[in-house]
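The values are calculated or read from the model by the stated rules, or taken from the named source; none is laboratory data. Since this is a predicted model, take the numbers as computed values, not measurements. Neighbour counts are summed over all protein chains in view; Cβ atoms, including those assigned to glycine, are modelled from backbone coordinates with ideal geometry. Surface accessibility is based on the protein's heavy atoms, side chains included, excluding ligands, DNA and RNA. Shrake-Rupley method; radii C 1.70, N 1.55, O 1.52, S 1.80 Å.
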Amino acid sequence: MHLDSLRLVNYRNYSDVEISFNPNINIIVGKNGQGKTNILESIYFLAVGKSFRTSKDREAVKFGCKNAYIASNFIKNGRKNTLEFLIGSSSKAVKKNGLALLRMSELLGNLNVVVFSPEDIRILKDSPSERRRFIDREISQISPRYYANLSDYNKILSQRNNYLKNDKLDMPLVEIFDRQLCHCAGAIYMARRDFISKLSEYALEFHSSIVGRREEFRINYINQLNIGMDDTPQSAESALFELLSRKREDDIRKRNTGYGPHRDDIQVIVDSLDVKIYGSQGQQRTASIAIKLSELELMKAETGEYPVLLLDDVFSELDEKRQKLLIDSISGIQTFVTTAENAHIDIFEGKEYAVFNIDGGK
Ligand code: ATP
Ligand code: MG
């Protein structure tokens, strides 16, 4: 799939701009603070319905304006589609091929993207919540049902946590929360288990080709239930219910829910060691590239087409060898690259690309 064109009106520092893209590589060059990442962010908005930088949509509306508008023509399965996004101060609306979508979950799976930014390079060092965000973002694009289920889970979780703040509790009510929570959790555990296991298989191959030898590389799914391949949504649901019941007194004392998929994490093992704890910076970078390249393959396997790849300022973070490897791995994938250094354009010599110079939102 690829984007043909993008129009931004009152989006961040853009007043009104329309850009036609190359179906292969698009290099967005400009000094710091000129609006390079803003373009990538707007593409991400069209795919996922929110920003990858902020959870506050209104920040994307140009200062002093009421609404921001993003529109794009994109090609999927050989067919032309349009997506239009209107972001207001407290609401957003989206249209596909001129028709309004009723729920954000209907947006997912139209335009698929994979982002690779300096934050992703550091993902293995970051907190578990960042890694959960990464997993959820990827699975949601492949499976809108996952997104809907996860939203329900989060809603019930926050209701349960709010209820636990009360001094007097009605136990049957806590149990109702638990049943609802566990029902959503069962499917979340299964989707995460399957995603991580597939990602791990792909990443082993990419990792070997980056380091130039066969080395152990594994992504483990860390969860409180020790979910295995023989678990089912039902077995996960009842195991969590049993755990919540057993730990209910703890939760009541802490006035918080200590068990469930909101406590999950992933662990990357290279050569028997946890990369987060023992990996060098270079090993962590290699691992993050292997994971990103795997995401591209996984999305293609699940959806039939490569997603669009957004590379935000990653070349300054990678050495020449890793830069080259990344670029050689992305043929046939429409890629948007931002960089503040003209020198990075040379890395793409011999490829088909277009260059866009950005200066103050123009
Ligand atoms: P860098 O190379 O440092 O990453 P960049 O070119 O990627 O820079 P962006 O993050 O795309 O820069 O854009 C930042 C600019 O956008 C800043 O100058 C900021 O003031 C401006 N900006 C951000 N939000 C808004 C907004 N809501 N309205 C107007 N301008 C905004
Ligand atoms: Mg930037």
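Ala340 to Asn162: extension gain in nm, 0.36 nm per residue of separation minus the Cα-Cα distance? List each step's numbers first, then the result.
Numbers: separation 178, 0.36 × 178 = 64.08 nm, distance 4.57 nm.
Stretched out fully, the Ala340 to Asn162 stretch lengthens by 59.5 nm.
Percent relative contact order of the chain, based on C-alpha pairs within less than 8 angstrom and at least six residues apart? Walk me through the numbers on the way to the answer.
On the way: 608 pairs, mean separation 96.9, N = 362.
So the answer I get is 27 percent.
Show me the three semi-axes of the equivalent ellipsoid for the stretch 45-103, from the C-alpha gyration tensor (sqrt of 5 times each eigenvalue), largest first, rounded to whole Å.
Details: eigenvalues 100, 28, 21 Å².
Rounded to whole Å, the semi-axes are 22, 12, 10.
Only DSSP H runs of four or more residues enter the estimate; each adds -39500 (n - 2.57), and after division by the residues of the chain the mean residue ellipticity at 222 nm equals -13500 deg cm²/dmol.
Going by average Cβ neighbours within 10 Å, how do the peptides 202-213, 92-103, 326-337 rank, with the highest at the top?
On the way: 202-213: 17.2, 92-103: 13.0, 326-337: 19.1.
Highest-to-lowest ranking by the protection proxy: 326-337, 202-213, 92-103.
So how tilted is helix 144-164 from the main axis of the chain? Cα-based, degrees 0 to 90, rounded to 10. That works out to roughly 50 degrees. Using the average count of surrounding beta-carbon atoms within 10 Å as a protection proxy, the listed peptides 283-295, 79-91 rank, highest first, as 283-295, 79-91.
Label the stretch 39-139 by shape, choosing from rounded, prolate and oblate, from the square roots a ≥ b ≥ c of the eigenvalues of the Cα gyration tensor; if a/c is under 1.5 it is rounded, and otherwise prolate applies when a/b is larger than b/c, oblate when it is not. List each step's numbers first, then the result.
Details: a/c = 2.01, a/b = 1.31, b/c = 1.54.
Oblate, because a/c is 1.5 or more while a/b does not exceed b/c.
Sorting the segments 185-194, 26-35, 124-133 by their residues' average number of neighbouring beta-carbon atoms within 10 angstrom, most packed first, yields 185-194, 26-35, 124-133. Each Cα pair under 8 Å and six or more residues apart adds its separation to the average, and for the stretch 26-75 the resulting relative contact order is 21 percent.
Mind checking the angle between helix 128-142 and the chain's longest principal axis? C-alpha axes, 0 to 90 degrees, to the nearest 10. Helix 128-142 and the main axis of the chain meet at about 70 degrees. Counting only protein heavy atoms and using a 1.4 Å probe, what share of the accessible area of the stretch 122-304 belongs to carbon plus sulfur, as a whole percent? Result for the stretch 122-304: 49 percent of the exposed heavy-atom area is carbon or sulfur.
On a per residue basis, the stretch 122-304 carries 48 Å² of accessible surface, using protein heavy atoms and a 1.4 Å probe. For the stretch 122-304, the pair-distance distribution built from all alpha carbon pairs, in bins 10 Å wide starting at 0, is 9, 34, 31, 18, 7, 1, 0 percent.
Taking all pairs of distinct Cα atoms, average 1/r, flip it, and tell me the Kirkwood hydrodynamic radius of the stretch 190-229 in Å to one decimal place. Provide the component values of the computation, followed by the final result.
Numbers: mean 1/r = 0.0909 Å⁻¹.
Here the Kirkwood hydrodynamic radius works out to 11.0 Å.
Overall shape of the stretch 146-201 was characterised from the C-alpha gyration tensor. The equivalent ellipsoid obtained from it has semi-axes of 29, 10, 9 Å, in decreasing order. Cα centroids of the stretch 5-40 and the stretch 149-173: 42 Å apart. The mean sequence separation of alpha-carbon pairs under 8 Å and at least six residues apart, normalised by the residue count of the stretch 122-304, gives a relative contact order of 31 percent. Specify whether the C-alpha gyration tensor of the stretch 275-315 places it in the rounded, prolate or oblate class, a ≥ b ≥ c being the square roots of the eigenvalues: rounded for a/c under 1.5, otherwise prolate if a/b is larger than b/c and oblate if not. The shape class here is oblate.
Quick one: grab the alpha carbon gyration tensor of the chain, order the square roots of its eigenvalues as a ≥ b ≥ c, and give me rounded if a/c is under 1.5, else prolate or oblate depending on whether a/b is larger than b/c. Oblate, since a/c reaches 1.5 and b/c is not below a/b.
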